[in-house]
Each structure stands twice: as C-alpha cells, then as structure tokens.
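All remarks here apply to the structure that follows.
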Amino acid sequence: MQILCKYKDFYDYKCYEFGIDPFPTFDRRECNKLTNSGLFLWVNSNNYFCERLFYLEVGYSKYIFSAPNIEKVKDDPIMPIYDGEIHLVRVIKESKKTWTKEMTLSHLHFNYFRKKPYRNRSILTCDEDDLDYGNKNSIFSRYYKDKIELPILADTKLAGLLDPQEIFANLDMYLRSLHNDVNRESEGITDKEKAVNKGFNKRESFRNIHPRS
C-alpha cells in the first residue's frame with residue numbers, strides 16, 4: 001500500500017518494510033492533523049451524554065476509547081492546552097462501516113431519551129446489535145456530525161495505544177476489498193455494458209461522427 005499525504009502518521013513506516021507496493025493507494029491528502037491538546041478539546045466538546053467515549057473507525061474495525069480525566073493545563077485565552085488520560089476499552093473487528101472515509105474519529109452517540117437502565121449499560125458488555133449503525137438503538141450513528149475524517153494521530157496519545165501493524169493491515173485490507181468489489185460488479189458483462197454503468201451513452205458517446213474516408 002502506498003500513502004499520498006504530506007504529513008507522516010505513526011503507521012506510515014510499515015509501507016517501507018517490505019518495499020512500496022503501488023496498490024492499493026491510500027489518498028490521505030485531505031487529512032486533519034491533530035495535536036494532543038486538540039484531540040482532548042474535541043473529545044470534551046460534545047460529550048454531554050457520551051461520558052467522554054469516542055471511537056476510531058479504521059476500515060471495518062472500530063477502536064473505542066474513553067477519556068475519563070481531561071483538564072486544562074494552560075489557561076491561555078488564545079491557545080489553551082488540554083491534557084488527560086485515554087484508555088482503549090474495546091476493539092470491534094469486522095463491523096459494518098459507519099463512515100465513508102478510510103479512517104474517521106467520531107463521538108459515540110447515546111440517545112438521551114432512552115430508558116435510564118439502558119443508558120447505563122457498559123460499552124464492554126452491550127450486544128453486538130447495539131454496535132450496528134443499522135439498528136435504531138445503535139451507539140454508532142451517521143447523524144452524529146461532529147467527526148474528524150482522515151486524522152493524523154502521530155502527535156496524540158492514541159498513537160501509543162494502537163498497534164501500527166494492525167492499523168496498516170486494516171487499511172490495506174479495506175482498500176483491497178473495495179477494489180475486489182468493483183471487479184466483482186464487472187464480471188460477466190460486455191465492455192459496452194461497463195461503459196453504460198459508468199454513465200456513457202452507448203448511442204452517442206462512441207459514435208464515429210466523422211469517419212475516415
């Protein structure tokens with residue numbers, strides 16, 4: 001896998017261990033570079049009912065974190081600095097994709113109007129159905145807009161909690177699966193049918209209006 005990005009992340013060196021493979025390509029040029037303080041500020045910004053729980057989606061895997069203690073270590077009116085603790089509380093493999101990007105940071109979505117006993121259930125023991133965004137009670141929601149797409153985590157505490165090899169493998173597997181899905185959709189159809197599927201008009205797009213004499 002090759003990565004297109006001007007910033008380096010904590011797992012990028014895995015590209016060079018066995019030589020650079022141009023396929024697949026991870027286009028990370030629209031990334032969001034995070035600082036440790038910026039990560040804690042984001043976690044603390046919109047967690048009224050989330051108990052400072054958030055997750056990182058990497059391909060088909062989700063890594064759930066908690067940040068129980070966040071404090072302002074520098075009370076600067078222009079650039080305050082935040083710090084605290086982060087714990088990896090659960091890893092979910094082969095889950096359904098919630099967001100469209102290869103990597104996304106998102107808060108966990110807890111519905112305020114749920115019954116109190118349900119809201120108090122532990123993230124460690126909740127059912128697999130509750131981890132599926134297609135379920136109405138899911139804690140993963142596509143409607144939770146406060147997310148960070150393609151984050152660069154090298155300067156955050158998350159880099160020390162995640163295995164670079166595992167993150168790299170998840171990205172590589174996800175990108176290859178997308179390519180395989182495209183190839184599978186094209187099996188058993190003619191070239192003209194493939195062109196029509198791409199939006200071409202077979203009556204007009206390929207007409208030779210001025211044939212050679």
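The values are calculated or read from the model by the stated rules, or taken from the named source; none is laboratory data. None of these values were measured; they are calculated from a predicted model. Backbone-built Cβ (ideal geometry, glycine too); neighbour counts: all protein chains shown.
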*Would you mind stating whether residue 76 is without any contact (Cβ under 8 Å) to a residue 40 or more places away in the chain, among the charged types (D, E, K, R) and part of a loop (DSSP other than H, G, I, E, B)?*
yes
*Of (1) without any contact (Cβ under 8 Å) to a residue 60 or more places away in the chain; (2) under 30 Å from residue 176 (Cβ atoms); (3) not polar (S, T, N, Q), residue 70 satisfies all except one. Which?*
(2)
*Any idea which of 64, 81, 92 is surrounded by 20 or more Cβ atoms within 10 Å (Cβ to Cβ) and either touching a helix residue (DSSP H, G or I) at 6+ places or on another chain (Cβ under 9 Å) or of a type outside the set (Phe, Trp, Tyr) (or both)?*
64
*Would you pick out the residues in region 17-53 that are modelled with pLDDT under 90 and in contact with a Leu (Cβ under 6 Å, 6 or more places away or on another chain)?*
24, 50, 53
*Kindly indicate whether any position in region 112-121 is at pLDDT 85 or above and either of a type in the set (Ser, Thr, Tyr) or farther than 22 Å from residue 155 by Cβ (or both).*
no
*Does residue 100 satisfy the condition of being β-branched (Val, Ile, Thr), modelled with pLDDT of 80 or more and assigned to a loop (DSSP other than H, G, I, E, B)?*
yes
*asked:* Return the residues of region 154-169 that are within 11 Å of residue 1 (Cβ to Cβ) and crowded, with 18+ Cβ neighbours inside 10 Å; say none if nothing qualifies.
replied: 168
*asked:* Taking the conditions exactly as written (outside any helix (DSSP H, G or I), within 16 Å of residue 104 (Cα to Cα) and in contact with a Phe, Trp or Tyr (Cβ under 6 Å, 6 or more places away or on another chain)), does residue 65 satisfy them or not?
replied: yes
